[in-house]
Structure formats: structure tokens, C-alpha cells
1. Suppose we filter region 370-396 for residues that are surrounded by 17 or more Cβ atoms within 10 Å (Cβ to Cβ) and polar (S, T, N, Q); how many remain?
2. Can you tell me which condition Asn250 does not meet? The list is (1) without any contact (Cβ under 8 Å) to a residue 12 or more places away in the chain; (2) closer than 23 Å to Thr198 by Cα; (3) assigned to a helix (DSSP H, G or I), and all the others hold.
3. For region 296-303, check the following and say yes or no: at least one residue is farther than 30 Å from Ala432 by Cβ, in contact with a Phe, Trp or Tyr (Cβ under 8 Å, 6 or more places away or on another chain) and assigned by TED's automatic domain parsing to the domain that holds Val232.
4. Consider Phe265 against the criteria (1) free of Cβ contacts under 8 Å to residues at least 60 places away in the same chain; (2) among the aromatic types (Phe, Trp, Tyr); (3) in contact with a Gly (Cβ under 8 Å, 6 or more places away or on another chain): it satisfies all of them except one. Which criterion is unmet?
5. Can you tell me which condition Asn197 does not meet? The list is (1) part of a helix (DSSP H, G or I); (2) within 30 Å of Pro59 (Cβ to Cβ); (3) not hydrophobic (A, V, I, L, M, F, W, C), and all the others hold.
6. I'd like the residue in region 393-416 that is aliphatic (A, V, I, L, M) and modelled with pLDDT of 90 or more and, out of all such residues, is farthest from Asp345 (Cα to Cα).
7. Would you mind listing the helices (runs of 4 or more DSSP H) fully within region 286-360 where at least 1 residues are polar (S, T, N, Q) and out of contact with any strand residue (DSSP E or B) (no Cβ under 6 Å at 6 or more places or on another chain)?
Amino acid sequence: MATTALDFLPAPLRSLRLKTKQQELLLRVSALALIYVLAFAVRLFSVLRYESMIHEFDPYFNYRTTLFLSENGFSEFWNWFDFESWYPLGRVVGGTLFPGLMVTAALLHRLLRALSLAVHIREVCVLTAPFFAANTTLVAYAFGREIWDSGAGLVAAALIAIVPGYISRSVAGSYDNEGVAIFALLLTFYLFVRAVNTGSLAWALASAFGYFYMVSAWGGYVFIINLVPLYVLVLLVTGRYSQRLYVAYNCMYVLGMLLAMQIRFVGFQHVQSGEHMAAMGVFFLLQVFFFLDWVKYLLNDARLFKSFLRITLTCVITVGTLALGIGTASGYISPWTGRFYSLLDPTYAKDHIPIIASVSEHQPTAWSSFMFDFHILLFLFPAGLYFCFKRLSDATIFIVMYGLTSMYFAGVMVRLILVAAPAVCLISAIAASATIKNLTTLIRTKSKSPQATSGKTTGSKAAAKVLYSLFILFALC
């Protein structure tokens, strides 16, 4: 007798006689719950083997500021001048750090106290990174389902729970910005892709708030504010402009920029820094596309529209170049920072800013680091790219761009393996899900009657797909 999903359930649940869809939902929820627990538990070895403590210098400073925030309130924290930091100069804490990590831990501590759980703020800080790593698995599942299917989402959640490139920055006691920033990064990307797929203003608003949380948590938000405009530009160039894209990007950029400017450490950089000019330029370019689309509808004449298009593009390029040149020459637009230059040119920091090159985590990544941090995912990644290119959509174009850019930056700077880990997990999950799906199609076809001609044709096609998929996977290995 054939085995069904119902046979794997406990006897009390088996007696409920669930339908097929209900069985799938129950198994999916159970798998996600186990993955969630696994992602949290695998990061607790330092606490179980030794003791609950904060590791390293920066995490301990973050803990000290969080303790001050929980004891004195947000207003005192935001205006706190710390005489013990950067001695003897002191430090204006509210204007020199990203407060998202501290505010998150303080809110979790207040929530636990409201539930009558007597927990010290130190324990909350120790367990913040594992807790958000577990939450990241849920976002990875939703993101994988959005760009491919629920099977890819489950595999992505399982991979991101145990990938060493992410575990290294999210263990218990590593109370640093990256502990919550990767969750915020993946959440922002998921919400934005969801907004582009649906054209919903609500999802676009959610992505703006996700971006605000990312800005408040980590300086790596610059990666988001440059990758998203690059993605929009690629869609415009490839003829994939739509009203969905217009709504998603405009809402995310405008509201996200206004919210991000409330962080004192960021301030007016969104309108004055050269690192943010790409987002502004794509915003104005999107308005030009919307205007041209409207004019094309009104004119209803191809020759007349081509003439209008030529004049409009000439004027837009001229005005944009002049504005950028005048802003840079007058000093209103600040140039790129040394760290940004060092990402684009790996030799820049060594030649011009040795203090950046002297930091160990800013060194180029060795192949051994890729192998230790990604393992088999390093071979599944190219196969996943193949499947994404085979089924191109707005969502798969985004994940391809995220994967390729993050892998390049991970090769330039070893610490950015952390940013590449979610993309590698998602693309590798697509490879695994697509291959398994082709294999199951072949098995189901073989189980049917071999007499039917249509069955033979379907089986041969499925076999070809499986063989091609397996050839890509194992040839790379």
C-alpha cells in the first residue's frame, strides 16, 4: 500500500481524517516550527557550555547602552553624553550609533516584564541574536514562497537556520547590530518584492517601515538603498515597467527616506550623500517613465511620440547631469566614503586609507572562508541561478541581482559573507526544490501505465528535466 502524508502523523491526528490540503498545511507548519526551534537552539552552545555572558568589546558597549536605556528611558538615552566612551573626549550616544538594536532589546525586556517574567536585561541581550535568527527563518520561508514556491521556502528556511556564514554573527552573547540587521534586511527585501508583485500600497508601506528598521539597526542599509534602485533600473531597461513597480518604489523610497532621516546618525545623508544619489536618480527617472507612458496614451501616434521621447530624454539627461555636477562642485552632495570606494575597488583602501585595510574583517575573502561558510551551497548556488534565469519574473530578477551583487561584495570584504548568506540560501533552495520537483514528476509518470503514449511523452520530458538538473548539480560538485 502506498504511503501518504497521513501515515506520518500521530494516531490522535490520524483519526481526524484530514484532507490533503490540510495535511500539507499541518506538515508545513510542523516543519517550520522544528526549523524555528533548530535555528534558536543551534546558537546556544556558548551559553550551555560556559555561561550567559556578552562577548567582545562592541557587544559589551551595546549592552551598556541598552542597560542605560532600560533604566532611564528613551529620552535620556537619546540625549545621553557618555563620558566613559572615547575617553577623554566623551561621546554623544544618540547621535553616534544606530539605536535599533538597543531599542529592540529594551522593548523585549519590557514585554517580558509585562508578562510577569523576572528577566534581567543582560539575558535579553544575550538571547536577542538567536531569537531574531529564528525569526529570519520565517521570513526566508515567506520570501522563498514569494519568488518560487512553498517547497523552496521550506528549504530556504532550513538552510538559513544552519548556514555557518549566518551563525557566526548570531550566536548567543554576540550582541551586535548584525544580530537584528539581517532579519531587517531580508524582511525589507521580501516586503518590497511582495509590493512589486501585487502593486499593493499596504505592502509598499510595510517595506518602507522595514527599511526604517534596517536603517535604525545597521549601516549596511546602504546596500538596500543602492540594490533596490539598481533593480528598478534593470526592470525599466528590460521593458518591465508597470504601475505595480511605480507604486512600490515611490512609496518605499519617499516614506522610507523620511523615516530614515529621523535617525540622528543618518540625518540628511539621503539627500546630501553621494552614496544615496542613485536612489534619488532612479526616483526621478521613474517619474519620467510615468509621464512618458501618459503622453504615449494621449498622443496615440508612434512617430510623434518618438520625437517627443527624444526631446524629453535629452532634456532629462542634460538637467540631471548639470544638477549632479553643480551639487558635487558646490559641496552640497558629499563624495563617496572610503569604505564605499573600497567595496567597488578592492585595492583602494590599501593605497589610500590604510586604517580601513588594516581591519581583519575588511580583508578580501579566501576560498577557504567560502567553503567553511557555505559548504554545499557554494555548488547549489550556480544551479539555482540557472533555474531563476529559466523562469524569469520580477521576483527572480531581484533574487538574481541580490545574489550576484552580494557574492561580489563578499569576495571583496570577508565580513560581507553575512549579507550574502541569505541570498545563497534562497537561490540554493530554488535549485533543490526545482530538482526534487522534477524528480517527483518523473516518479509519478513512471508509476502510471506505460501503455499511454501521452504518458511516455510526459515521462521523457520529465526525465530530461531531471537529468539536466542533476547534471548541473553534480557536474559542479
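The values are calculated or read from the model by the stated rules, or taken from the named source; none is laboratory data. Small disclaimer: the values here were computed from a predicted structure and weren't measured. Cβ coordinates were reconstructed from backbone atoms using ideal geometry, including for glycine residues, and neighbour counts include every protein chain displayed.
1. Total meeting the criteria: 1.
2. (1)
3. Step one: of region 296-303, the residues farther than 30 Å from Ala432 by Cβ are 296-303.
Narrowing the set further to residues that are in contact with a Phe, Trp or Tyr (Cβ under 8 Å, 6 or more places away or on another chain) leaves 296, 299.
Now drop any that are not assigned by TED's automatic domain parsing to the domain that holds Val232, which leaves 296, 299.
Taking every residue of region 296-303 in turn, at least one turns out to be farther than 30 Å from Ala432 by Cβ, in contact with a Phe, Trp or Tyr (Cβ under 8 Å, 6 or more places away or on another chain) and assigned by TED's automatic domain parsing to the domain that holds Val232.
4. (1)
5. Just one mismatch for Asn197, condition (2).
6. Of region 393-416, the ones aliphatic (A, V, I, L, M) are 395, 397, 399-401, 404, 407, 410, 412-414, 416.
Adding the requirement that they be modelled with pLDDT of 90 or more leaves 395, 397, 399-401, 404, 407.
Working: Ala395: 29, Ile397: 25, Ile399: 24, Val400: 22, Met401: 19, Leu404: 16, Met407: 15 Å.
The residue in question is Ala395.
7. Numbers: elements: 302-330, 338-344, 348-352, 354-357.
Answer list for region 286-360: 302-330, 338-344.
The rows are residues; the columns are (1) farther than 28 Å from Arg145 by Cα; (2) of a type outside the set (Gly, Ala, Ser); (3) surrounded by 15 or more Cβ atoms within 10 Å (Cβ to Cβ).
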{"position": "Val37", "(1), (2), (3)": "no, yes, no"}
{"position": "Asp58", "(1), (2), (3)": "yes, yes, no"}
{"position": "Pro99", "(1), (2), (3)": "yes, yes, yes"}
{"position": "Leu108", "(1), (2), (3)": "yes, yes, yes"}
